[in-house]
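Report on one structure; see the data block that follows.
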Amino acid sequence: MEEKEISSIPMSELLPQRPPFVVVDSLWHFDNEKTETVFTVDGSCIMVEDGHLAPMGLIENMAQTCAARLGYINYINRKRIKIGFIGAIRNMAITRLPRVGEMLHTVVSVKDEVFGMTLADATVMCDGVAIATAEMKIALSDSEISE
């Protein structure tokens, strides 16, 4: 699928999270090594505090980008969404918190995948500048989301 086509897939088809806990608007790019999403910080998001996306929101945005990647793989293989968990976060750095109305561009680069675990580097950018980075380990469970 081309990037324009994948960006039209509803996040409810890719993510187990539901509003107001969704911090990814659309899948922008996917290949075996790299996944990219976009998100415009919305004041109704449960993780917005004092007009800014809280640090937990940035972490969740990175994790949901990983989940969108796994969700897209299931989507193209006509499988149901599986539940994933943050297994570990290392080397987290946040240089600033994004404000309501700002668009985030999140890039997750897969370093390794084994036994249902994904190790990835994540970067959240705003206006072309990295504002948060981390290494994440995401564990995928066998549990599926029921419709």
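The values are calculated or read from the model by the stated rules, or taken from the named source; none is laboratory data. Since the structure is predicted, the reported quantities are computational estimates derived from the model, not experimental observations. We place every Cβ from the backbone using ideal geometry, glycine too, and count neighbours over all the protein chains shown. Heavy atoms of the whole protein, side chains included, go into the accessibility calculation; ligands, DNA and RNA do not. Shrake-Rupley method; radii C 1.70, N 1.55, O 1.52, S 1.80 Å.
Going through (1) outside any helix (DSSP H, G or I); (2) without any contact (Cβ under 8 Å) to a residue 60 or more places away in the chain one by one, Ser12 falls short only on (1).
Among residues belonging to the stretch 56-93 that are in a strand (DSSP E or B) and touching a Leu at 6+ places or on another chain (Cβ under 6 Å), point out the one that is nearest to Asp121 (Cα to Cα). Per the criteria, the residue is Gly84. Residue count for the stretch 27-44 satisfying the condition of being modelled with pLDDT of 95 or more and either in contact with a strand residue (DSSP E or B) (Cβ under 6 Å, 6 or more places away or on another chain) or β-branched (Val, Ile, Thr) (or both): 11. Scanning the stretch 80-105 for residues that are among the charged types (D, E, K, R), at pLDDT below 95 and open to solvent by less than 70 Å² (accessible area, probe 1.4 Å) yields one hit, Lys82. Annotation: Gly71 fulfils all but one of (1) open to solvent by less than 20 Å² (accessible area, probe 1.4 Å); (2) touching a strand residue (DSSP E or B) at 6+ places or on another chain (Cβ under 6 Å); the unmet one is (2). Looking at Val41, Val24, just one residue is open to solvent by less than 30 Å² (accessible area, probe 1.4 Å), farther than 18 Å from Val108 by Cβ and touching a residue at least 60 places away in the same chain (Cβ under 8 Å), and that residue is Val41. Scanning the stretch 106-132 for residues that are within 22 Å of Asp42 (Cβ to Cβ) and not hydrophobic (A, V, I, L, M, F, W, C), we see that the one that is least open to solvent (accessible area, probe 1.4 Å) is Thr106.
Selection within the stretch 44-68: residues that are among the polar types (S, T, N, Q) and over 19 Å from Ser141 (Cβ atoms). The member of this set that is least open to solvent (accessible area, probe 1.4 Å) is Asn61.
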